[in-house]
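What follows is one structure encoded as structure tokens, with my remarks underneath.
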């Protein structure tokens, strides 16, 4: 075997192995990532807590849907976090008509706090019920959503559970990148091990939909424990685990829908905002770059070079074809399991390339000490 052929063989085998890892883990995790059950009995009363900053476009729909909840007693607290639009007026109008709705006027943001964490902590402090449900304003729920989410908490041994809603992906970058949420979650988190361990490194969550008991929330330190964080989806479960409390996740794609972004610029900014507390952190970016680039991009680079004649076609061609198939497998499984767009999955290598670019972009900005902005606030680099 000559040197070019040996190098090609090594790259092909490496690509296949790296693609097989998330494919195998996705197959395993899909048997464990369950949807929420129907409540066995009437759940405890809950406080549904919604931080809202400039959410006038969606807040009426959220309130209307939450108030239609069945099978559970609830209060709905919405904190107006210094909105520039008429969010507060809209909530106040609902509060005047339905005593379950309360408007909380947010206090000025203290030094060292992220806006969302400060808002959520104030909401928890004002809540009256023993179970807390944190819901983002852009999440649309069904009448059974709250009761079924609370049933997950009550039927588990976890102090905090988190549902992953169906993600609407209207802009081009959203259509391309947001389906990667399930790929990264279920392709790289060993869910069985996560449930048997309290390691913060195995914590996962979705900041759009959290359910916890008041006792567990206080024991973990609440949102004050992650006051400076920009990524509560990862950092809040880690805080619970550091306090000795288990966390868990479930599939909420059948009971909740979220439309996070309206433009491609918002998609880019939102992913970059969260990057350095997740995959784009200094400790994880190199291994994830190797895993993602090697297993999800390299197979198609090799295939392209073979098809264009720049690499000779030999027996490694079969290995490259297998690697491409293994790379696509998790995305195709997600298409059927989570109602994702099939056409988006076809651009998987491009999506991974852009995703990695965003991670490195965010980390380099952090190294340079550059701040960013979100919802009109300047955010210090994390």
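The values are calculated or read from the model by the stated rules, or taken from the named source; none is laboratory data. For clarity, every value in this text was computed on a predicted model and none was experimentally measured. Here the Cβ positions follow ideal geometry from the backbone for every residue, glycine too, while neighbour counts run over all protein chains shown.
I want to confirm something. Restricting to the stretch 11-42 and keeping residues that are assigned to a loop (DSSP other than H, G, I, E, B) and in contact with a strand residue (DSSP E or B) (Cβ under 7 Å, 6 or more places away or on another chain), which single residue is nearest to residue 81 (Cα to Cα)?
Step one: list which residues in the stretch 11-42 are assigned to a loop (DSSP other than H, G, I, E, B), which gives 30-34, 36-42.
Pick out the ones that are also in contact with a strand residue (DSSP E or B) (Cβ under 7 Å, 6 or more places away or on another chain) and you get 33-34, 36.
Numbers: 33: 34, 34: 34, 36: 31 Å.
Here the answer is 36.
Restricting attention to the stretch 301-337, and to residues there that are surrounded by fewer than 19 Cβ atoms within 10 Å (Cβ to Cβ) and part of a loop (DSSP other than H, G, I, E, B), which single residue is modelled with the highest pLDDT?
So, considering only residues that are surrounded by fewer than 19 Cβ atoms within 10 Å (Cβ to Cβ) and part of a loop (DSSP other than H, G, I, E, B), the one modelled with the highest pLDDT is 308.
Test residue 147 against the stated conditions and say whether it is part of a strand (DSSP E or B) and either within 24 Å of residue 51 (Cα to Cα) or over 12 Å from the mean Cα position of the chain (by Cα) (or both).
When the stated conditions are applied, residue 147 does not pass them.
Only one of these is surrounded by fewer than 20 Cβ atoms within 10 Å (Cβ to Cβ), part of a helix (DSSP H, G or I), touching a residue at least 12 places away in the same chain (Cβ under 8 Å) and touching a helix residue (DSSP H, G or I) at 6+ places or on another chain (Cβ under 7 Å): 269, 294, 278. Name it.
Values: 269 fails: touching a helix residue (DSSP H, G or I) at 6+ places or on another chain (Cβ under 7 Å); 278 fails: part of a helix (DSSP H, G or I).
Testing whether each residue is surrounded by fewer than 20 Cβ atoms within 10 Å (Cβ to Cβ), part of a helix (DSSP H, G or I), touching a residue at least 12 places away in the same chain (Cβ under 8 Å) and touching a helix residue (DSSP H, G or I) at 6+ places or on another chain (Cβ under 7 Å) leaves just 294.
Within the stretch 57-73, which residues are part of a loop (DSSP other than H, G, I, E, B) and in contact with a helix residue (DSSP H, G or I) (Cβ under 8 Å, 6 or more places away or on another chain)?
Within the stretch 57-73, the first condition is being part of a loop (DSSP other than H, G, I, E, B), and the residues that meet it are 57-58, 68-73.
69, 70, 71, 72, listed by residue number.
Out of the stretch 235-247, which residues are crowded, with 21+ Cβ neighbours inside 10 Å and either outside the structural domain of residue 145 (by TED's automatic domain parsing) or in contact (Cβ under 8 Å) with a residue 40 or more places away in the chain (or both)?
First, the residues of the stretch 235-247 that are crowded, with 21+ Cβ neighbours inside 10 Å: 235-241, 245, 247.
Across the stretch 235-247, the qualifying residues are 235, 236, 237, 240, 241, 245, 247.
Tell me which of these residue 125 doesn't satisfy, since it passes every other one: (1) surrounded by fewer than 24 Cβ atoms within 10 Å (Cβ to Cβ); (2) farther than 12 Å from residue 49 by Cβ.
Only one criterion is unmet by residue 125, namely (2).
Of everything in the stretch 198-244, what is closer than 21 Å to residue 154 by Cβ, assigned to a loop (DSSP other than H, G, I, E, B) and in contact with a strand residue (DSSP E or B) (Cβ under 7 Å, 6 or more places away or on another chain)? Give them in sequence order.
The answer is 203, 204, 205, 206, 208.
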